[in-house]
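The values are calculated or read from the model by the stated rules, or taken from the named source; none is laboratory data. Note that the coordinates shown come from a computational prediction; the quantities given were computed from them, not determined experimentally. Using ideal geometry, Cβ is built from the backbone for each residue, glycine included, and neighbour counts are taken over all protein chains shown. In case anyone asks, the SASA skips ligands and DNA or RNA and just uses the protein heavy atoms, side chains included. Shrake-Rupley method; radii C 1.70, N 1.55, O 1.52, S 1.80 Å.
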Amino acid sequence: ENRWFWKGGKWKAMIIDSKNVAELDRVMKLAMINRLGSVAKKIFAKHTTASSRMASLKERNILGLTHHNFYYTEVGFSCMAEIFWGIIPRMPRNGVFYELGSGSGRPLVAAALLHQFEKCVGIEILQDLVHISRQVIGHFVPENRDKEISKYVNENTVRVINTDFKEIKWAEEA
């Protein structure tokens, strides 16, 4: 089954009605954001940005990590898609994607859905966020995947390491 298209609906009509290659490319990208974005939304249904931010703030306060080097923010799926579209033509299919300070793992999940990486590795220092990330990436484990997610990811693609990214050799840990 083709990864980017599905039968029927508004996307099929928009693709057929495209007047040139640039418009077709734009419609295909919008269709991909819509389809894969809904998969990502399903994966994160139990873990909102607000709940992840609160978990980060709580643990940072407990650990005394309140200086400006530690700040919680998230990059949305559509933003990651735009970034990947610019670099995918230059990326190897079997490379490794690292997310440093991976938080709840939103870009990690986006990377796994948007490109055929051999591995997607998140590195996060806060245990509460690692716990959330591991719950989220549990959707990628073959026995936990639903049919929709299985269309888009490889087995054993995503993992999260609980450590300070300044203190490990990434390639050896992946």
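Being in a loop (DSSP other than H, G, I, E, B), touching an Asp or Glu at 6+ places or on another chain (Cβ under 9 Å) and surrounded by fewer than 17 Cβ atoms within 10 Å (Cβ to Cβ) is the filter; apply it to region 146-163 and report the residue that is modelled with the highest pLDDT. Explain how you work it out, then say what you get.
Restricting attention to region 146-163, the residues satisfying the condition of being in a loop (DSSP other than H, G, I, E, B) are 146, 151-157, 163.
Filter once more, keeping what is touching an Asp or Glu at 6+ places or on another chain (Cβ under 9 Å): 151, 154, 157, 163.
Filter once more, so that each one left must be surrounded by fewer than 17 Cβ atoms within 10 Å (Cβ to Cβ): 151, 154, 163.
Numbers: LYS151: 68, ASN154: 63, THR163: 92.
The selected residue is THR163.
Exactly one of (1) closer than 17 Å to GLY103 by Cβ; (2) assigned to a helix (DSSP H, G or I); (3) of a type outside the set (A, V, I, L, M); (4) open to solvent by less than 70 Å² (accessible area, probe 1.4 Å) is unmet by GLY37. Its number?
For GLY37, the failing item is (1).
Just for region 102-119: of the residues that are outside any helix (DSSP H, G or I) and either of a type in the set (Asp, Glu) or under 9 Å from the mean Cα position of the chain (by Cα) (or both), which one is surrounded by the fewest Cβ atoms within 10 Å (Cβ to Cβ)?
If we filter region 102-119 for residues that are outside any helix (DSSP H, G or I), which is where we start, we get 102-105, 115-119.
If we keep only those that are either of a type in the set (Asp, Glu) or under 9 Å from the mean Cα position of the chain (by Cα) (or both) too, we end up with 105, 118.
Values: GLY105: 30, GLU118: 14.
Of everything passing the filter in region 102-119, GLU118 is surrounded by the fewest Cβ atoms within 10 Å (Cβ to Cβ).
Would you pick out the residues in region 65-101 that are basic (Lys, Arg) and assigned to a helix (DSSP H, G or I)?
ARG90
Kindly list the number of the only condition in (1) among the acidic types (Asp, Glu); (2) surrounded by 16 or more Cβ atoms within 10 Å (Cβ to Cβ); (3) without any contact (Cβ under 8 Å) to a residue 24 or more places away in the chain that fails for GLU99.
GLU99 satisfies all of (1) among the acidic types (Asp, Glu); (2) surrounded by 16 or more Cβ atoms within 10 Å (Cβ to Cβ); (3) without any contact (Cβ under 8 Å) to a residue 24 or more places away in the chain except (3).
Anything in region 50-84 that is within 14 Å of the chain's Cα centre (by Cα) and open to solvent by less than 50 Å² (accessible area, probe 1.4 Å)? List them, or say none.
GLU74, GLY76, PHE77, MET80, ALA81, PHE84, listed by residue number.
State whether the residues of region 55-62 include one that is in a helix (DSSP H, G or I), over 17 Å from ARG134 (Cβ atoms), in contact with a Phe, Trp or Tyr (Cβ under 9 Å, 6 or more places away or on another chain) and not basic (Lys, Arg).
yes
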